[in-house]
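The values are calculated or read from the model by the stated rules, or taken from the named source; none is laboratory data. This one's a predicted model, so the numbers in the text were calculated from it and none came from an experiment. Cβ coordinates were reconstructed from backbone atoms using ideal geometry, including for glycine residues, and neighbour counts include every protein chain displayed. Protein only, heavy atoms only, side chains kept; ligands, DNA and RNA dropped before computing areas. Shrake-Rupley method; radii C 1.70, N 1.55, O 1.52, S 1.80 Å.
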Amino acid sequence: MVKTPSAFFLPPDFSSSTTSTNAAAGAASRTGSANKEKIRRAHYDSRGSEKLEHCIKFKPLSSTRTTATEEINLDLEWKGTANKKEETVKNDDRPAVILFDYIHTPSIHASLSFLDPLREKYAHQPTFLQAVEEMAESLAPIFANKEKGEFYKRAFLVMTEPERSISFRVNWTDDQGRLQTNRGWRVEFSSVLGPYKGGLRFHPTVDEGVLKFLGFEQIFKNALTGLQMGGGKGGSDFDPKGKSDGEVRRFCEAYMTELSRYIHPQTDVPAGDIGVGGRELGFLYGQYKRLTKRSDGVLTGKPIILGGSECRIEATGYGVVYIAQLAVEKNGGTLQGARCAVSGSGNVAQYTAEKLIDIGAKVVSMSDSDGTLVFQNGMTMEDWNVIIDAKQVKRTRLSNVAADGLVNGVYHPKHSPWTIDDLKVEYAFPCATQNEIDGQSAELLIRNGVKGIIEGANLPTKIDAQRRIRESKILYIPGKAANAGGVATSGFEMAQNAQRLNWESDEVNAKLKATMKSIYNQIDSVTEGGECTLEQGANRAGFLIVAEAMKTLGWVW
């Protein structure tokens, strides 16, 4: 076992093989509960008068993080009941559903009135506010605690403000010699647990509000991994699509010329995201080396020849499948032979699909922004290889792949997998982008027999869809837990770079599996008895880790 510097903490269950005992011990030593909760009720409805009485008992907090389970775990004892109101689902002949989820009521909204100044200040950043409000509503019982509620409110408000937000212009030259200008950002959200850690996104929809949403989510996701990483996010409104390699290179060099002033292996370590893959990371790292004359782990997700980690490219997608396997099997099912729909065709979607095929699942879809390829009998590895070549090498659209007759799938233009009426799906893996599944799509999935939704993307499910998913009681693993394998493996890459070593692929994959098993064990331990959803536990666990660390540092009082 390679000795890891103390600056890069690895969970205890990495020290040996991933037995169930070690995984459980690792889960216990990390945080107690680890689930994600995105329960934001944007509008009140007829359930508004229902009440969920709850009693919260807090265990004493100490100053050490190593015994986080005993110190910051909440024993949430749901003493009351949620007036279990039966509602018949419209347009569905299934039996009435009994709702006993955490209900967004006027009284709960009133308890979150301390967010009103934030809502007013950032009304122009709706995606960021969506993430904040979802988190806050899941923490409402914590905020209501008589002893420590006010402290947790103060801590939460501090967490919602980035430590710093850097914006800059990026001037670059296109192939015609014309000057082009884009905006660039790096939102350094929280360094409480370690260096700012989060990817760079190049996409025309990027703005500061989107990056704040992503950075805010990253804080708690990184906390759940047990690694010493803070949260951040960056990127630009530059669109790599349709650009030549030369144009992408010149843009990346210009972007890094500005960004290099603010990053360092011990303070801020970016990675890739949408629009930033191996090609872009190589160009970015090349300019960083040119400017600083240093070769260090300032970027993760790098090509292996430049110090990247084995399994990093695959890690997010593989991790999504690993945690899905655990959850499905715990519920008495199996992914083998199951019809699994994947949205997107970027990095996360590609390797989610590959691992699903590898374990014997039937992958029935992949998509891009123009449409969806449907494989009614399941993708083959030959189909997968064609798509990988199209996306990673030729950088072309799935419509072109279908038109050339290179795969067995049928192309549906202007559709996502969630809008195709006759696509029967057992497990949905949204891996494209935020807010891709709305209420109508969720209803269609449920009508077509979906048993579970496992999020590969960040916040791919809209509020109305989340509500419908909860009512249906299907398996739902949020992205904060499900896609944490990518950033965890970035942490492994940081450790390898610090040691000037490279771990073998099997070792990295074993650590990835251990991480996802540990996260799932944390989630599962919180949901025993049906008192808490997977979402709720993850948000609460992540928040409490960060809040306790802030208190220990003297950053909140």
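Applying the criterion of being under 24 Å from ILE274 (Cβ atoms) and in contact (Cβ under 8 Å) with a residue 40 or more places away in the chain to the residues of region 152-168, the residue that is least open to solvent (accessible area, probe 1.4 Å) is THR160.
Checking each residue in region 191-208 for being of a type outside the set (A, V, I, L, M, F, W, C) and open to solvent by 10 Å² or more (accessible area, probe 1.4 Å) picks out SER191, GLY194, PRO195, TYR196, ARG201, HIS203, PRO204, THR205, ASP207, GLU208.
Taking the conditions exactly as written (among the charged types (D, E, K, R) and at positive phi), does LYS414 satisfy them or not?
When the stated conditions are applied, LYS414 passes them.
Among the residues of this structure, ASP421 counts as one that is surrounded by fewer than 22 Cβ atoms within 10 Å (Cβ to Cβ), acidic (Asp, Glu) and assigned to a loop (DSSP other than H, G, I, E, B).
Of all the criteria given as (1) on the phi > 0 side of the Ramachandran plot; (2) assigned to a helix (DSSP H, G or I), the one not satisfied by GLY332 is (2). What's the total number of residues in region 346-378 that are in contact (Cβ under 8 Å) with a residue 24 or more places away in the chain and part of a helix (DSSP H, G or I)? Looking only at that region, the number is 11.
Matching residues to (1) under 30 Å from ASP207 (Cβ atoms); (2) open to solvent by 40 Å² or more (accessible area, probe 1.4 Å):
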site	(1), (2)
LEU356	no, no
LYS362	no, yes
LEU406	no, yes
SER416	yes, no
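Taking (1) crowded, with 24+ Cβ neighbours inside 10 Å; (2) more than 29 Å from GLY297 (Cα to Cα) in turn, ALA484 satisfies each apart from (2). Of the residues making up region 118-166, those that are of a type in the set (Val, Ile, Thr) and assigned to a helix (DSSP H, G or I) are THR127, VAL132, ILE142, VAL158. Scanning region 219-241 for residues that are outside any loop (DSSP other than H, G, I, E, B) and either of a type in the set (D, E, K, R) or open to solvent by 10 Å² or more (accessible area, probe 1.4 Å) (or both) yields a count of 2.
Within region 296-305, if we keep just the residues that are free of Cβ contacts under 8 Å to residues at least 60 places away in the same chain and in contact with a Leu (Cβ under 9 Å, 6 or more places away or on another chain), the residue that is surrounded by the most Cβ atoms within 10 Å (Cβ to Cβ) turns out to be LEU299. Would you check which residues across region 428-462 are under 21 Å from the mean Cα position of the chain (by Cα) and open to solvent by 20 Å² or more (accessible area, probe 1.4 Å) and list them? Answer for region 428-462, where residues must be under 21 Å from the mean Cα position of the chain (by Cα) and open to solvent by 20 Å² or more (accessible area, probe 1.4 Å): ALA432, THR433, GLN434, ASN435, GLU436, ASP438, LYS451, ASN458, LYS462. Only residues that are more than 20 Å from LYS517 (Cβ to Cβ), crowded, with 24+ Cβ neighbours inside 10 Å and of a type in the set (S, T, N, Q) were counted across region 310-354, and they come to 3. Taking each residue of region 178-200 that is in a strand (DSSP E or B) and looking for partners that are among the aromatic types (Phe, Trp, Tyr) with beta-carbon atoms closer than 6 Å, six or more apart or interchain, yields GLN180/TRP172; ASN182/PHE238; GLY184/PHE168; GLY184/TYR255; ARG186/TYR262; GLU188/TYR196.
One residue alone among VAL526, VAL508 is aliphatic (A, V, I, L, M), at pLDDT 95 or above and in contact with a Cys (Cβ under 6 Å, 6 or more places away or on another chain), and that residue is VAL508.
Looking at ARG339, ARG395, which one is of a type in the set (D, E, K, R) and closer than 29 Å to ARG279 by Cβ?
Details: ARG339 fails: closer than 29 Å to ARG279 by Cβ.
Matching residue, one of ARG339, ARG395: ARG395.
Elements of the type helices (runs of 4 or more DSSP H) sitting completely within region 431-540 and holding at least 3 residues that are in contact with a Leu (Cβ under 8 Å, 6 or more places away or on another chain): these cover 479-482, 485-499, 505-527.
If only one of ILE523, ILE463, ILE519 is in contact with a strand residue (DSSP E or B) (Cβ under 7 Å, 6 or more places away or on another chain) and within 25 Å of ALA349 (Cα to Cα), which one is it?
Values: ILE463 fails: in contact with a strand residue (DSSP E or B) (Cβ under 7 Å, 6 or more places away or on another chain); ILE519 fails: in contact with a strand residue (DSSP E or B) (Cβ under 7 Å, 6 or more places away or on another chain).
Sole residue among the options that is in contact with a strand residue (DSSP E or B) (Cβ under 7 Å, 6 or more places away or on another chain) and within 25 Å of ALA349 (Cα to Cα): ILE523.
Restricting the first member to region 311-326 and to residues that are of a type in the set (Ser, Thr, Tyr), and the second to residues that are not in a helix (DSSP H, G or I), the beta-carbon pairs closer than 6 Å and six or more apart or on different chains are THR316/ASN483. For region 175-203, a residue qualifies if it is over 23 Å from PRO265 (Cβ atoms) and touching a Gly at 6+ places or on another chain (Cβ under 9 Å), and the qualifying residues are ASP175, HIS203.
Out of all the residues in region 254-284, which are open to solvent by 40 Å² or more (accessible area, probe 1.4 Å), within 11 Å of VAL298 (Cα to Cα) and assigned to a loop (DSSP other than H, G, I, E, B)? Passing the criteria: TYR262, GLN266, THR267.
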